[in-house]
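The values are calculated or read from the model by the stated rules, or taken from the named source; none is laboratory data. A quick note: this is a predicted structure, and the numbers were derived from the prediction, not measured. Backbone-built Cβ (ideal geometry, glycine too); neighbour counts: all protein chains shown.
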Ligand code: AVJ
């Protein structure tokens, strides 16, 4: 951690992972419930149970993004590897278990340094240990932090060609302005000439999109409601879980799936000593998941100083990996 430098620059949504400071969780929940349109940032989904539920989501028949991206990555890995220079440093944003990274590392043995960034210390330690064990020639320089905050590359990456990696369409959790700010920060961090490989989920028919976020088994509903369980446990809340319904809606104007928790009746909820009123039908907006076109994403990245160099796209359901050049 000493080899890295940080700034106080933070975005409203800044990464997924357990281990947020409780005070940040409390501040976000209190501020979010006090707004006229109540909202809580999606990064707070990922306590231990939330992380487990998200893993279960990735196995659902309706939730296509993970398996589609993994298949696309496998299929494109050799082509992507040809664009990665000898001795490169691979910097991953929100690395989690580093599962997708292995597909790249297997195809690109010329990568010399792996610098995973993740907010969860436990996930980062476990991933770094297992990558070190399986790739003995690779230097692993992990950074435990919110991935929007890193401002300097590790010393191990100095002088090396830099390749950023941000799979999972996690960039879709940002609003447009946040995504632009993140891409600008990543451009500064990775440096001129760097490559940046980003996974983006693509616009498709509304029924497939809604089903992916409102599955038949109710796992996504449980994932959404778990946020209230976490508030009850960690912040002394008294949310009645049976009085909030899961809703996933397609917002065509913003090109995003929104997840909400809908109050089934008028009610008051106490959290950390404060009372919050809900009308019947009032919602807490808990997540945005933006869907892109390759051209639209290239334009957005262009505003942040990146040029689209190559894109790999799956068949239906459509998902893309893009390689941006700084
Ligand atoms: C981890 C942000 C990519 O938006 O698809 C899955 C999270 N939320 N189901 C997504 C999520 C509900 C996921 N990301």
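Points worth noting:
- All conditions but one from (1) in contact with a strand residue (DSSP E or B) (Cβ under 8 Å, 6 or more places away or on another chain); (2) under 26 Å from residue 61 (Cβ atoms); (3) exposed (fewer than 13 other Cβ atoms within 10 Å of the Cβ) apply to residue 207; the one that does not is (1).
- For residue 226, the criteria (1) surrounded by fewer than 18 Cβ atoms within 10 Å (Cβ to Cβ); (2) out of contact with any strand residue (DSSP E or B) (no Cβ under 9 Å at 6 or more places or on another chain) hold in every case but one, which is (1).
- So residue 216, is it within 16 Å of the ligand (Cβ to nearest atom), at pLDDT 95 or above, farther than 25 Å from residue 98 by Cβ and within 24 Å of the chain's Cα centre (by Cα): yes
- Residue that is surrounded by the most Cβ atoms within 10 Å (Cβ to Cβ) [pool: residues in the stretch 270-291 that are assigned to a strand (DSSP E or B) and more than 16 Å from the ligand (Cβ to nearest atom)]: 278
- The one condition in (1) within 16 Å of the ligand (Cβ to nearest atom); (2) surrounded by 20 or more Cβ atoms within 10 Å (Cβ to Cβ) that residue 239 fails to fulfil: (1)
- Taking first residues from the stretch 285-306 that are free of Cβ contacts under 8 Å to residues at least 60 places away in the same chain and partners that are away from the ligand (no atom under 16 Å from the Cβ) and part of a loop (DSSP other than H, G, I, E, B), the Cβ contacts under 9 Å between residues at least 6 apart in sequence or on separate chains come to 298/306.
- With respect to (1) more than 17 Å from residue 259 (Cβ to Cβ); (2) away from the ligand (no atom under 16 Å from the Cβ); (3) modelled with pLDDT of 95 or more, the lone exception for residue 231 is condition (1).
- In the stretch 39-67, residue nearest to the ligand (Cβ to nearest atom) [restricted to those that are in a loop (DSSP other than H, G, I, E, B) and under 13 Å from residue 287 (Cα atoms)]: 46
- Checked against the criterion of being modelled with pLDDT of 95 or more and closer than 19 Å to residue 170 by Cβ, the stretch 258-269 contains one or more residues that satisfy it.
- Subset of the stretch 72-115 (residues that are under 14 Å from the mean Cα position of the chain (by Cα) and either under 17 Å from residue 325 (Cβ atoms) or in a strand (DSSP E or B) (or both)): 92, 93
- Applying the set (1) closer than 30 Å to residue 234 by Cβ; (2) buried (at least 19 other Cβ atoms within 10 Å of the Cβ); (3) touching a strand residue (DSSP E or B) at 6+ places or on another chain (Cβ under 9 Å) to residue 63 leaves exactly one unmet item: (3).
- Looking only at the stretch 162-202, and only at residues there that are buried (at least 20 other Cβ atoms within 10 Å of the Cβ) and assigned to a loop (DSSP other than H, G, I, E, B), the one that is farthest from the ligand (Cβ to nearest atom): 194
- Those residues of the stretch 292-317 which are surrounded by 21 or more Cβ atoms within 10 Å (Cβ to Cβ) and closer than 23 Å to residue 213 by Cβ, in sequence order: 292, 297
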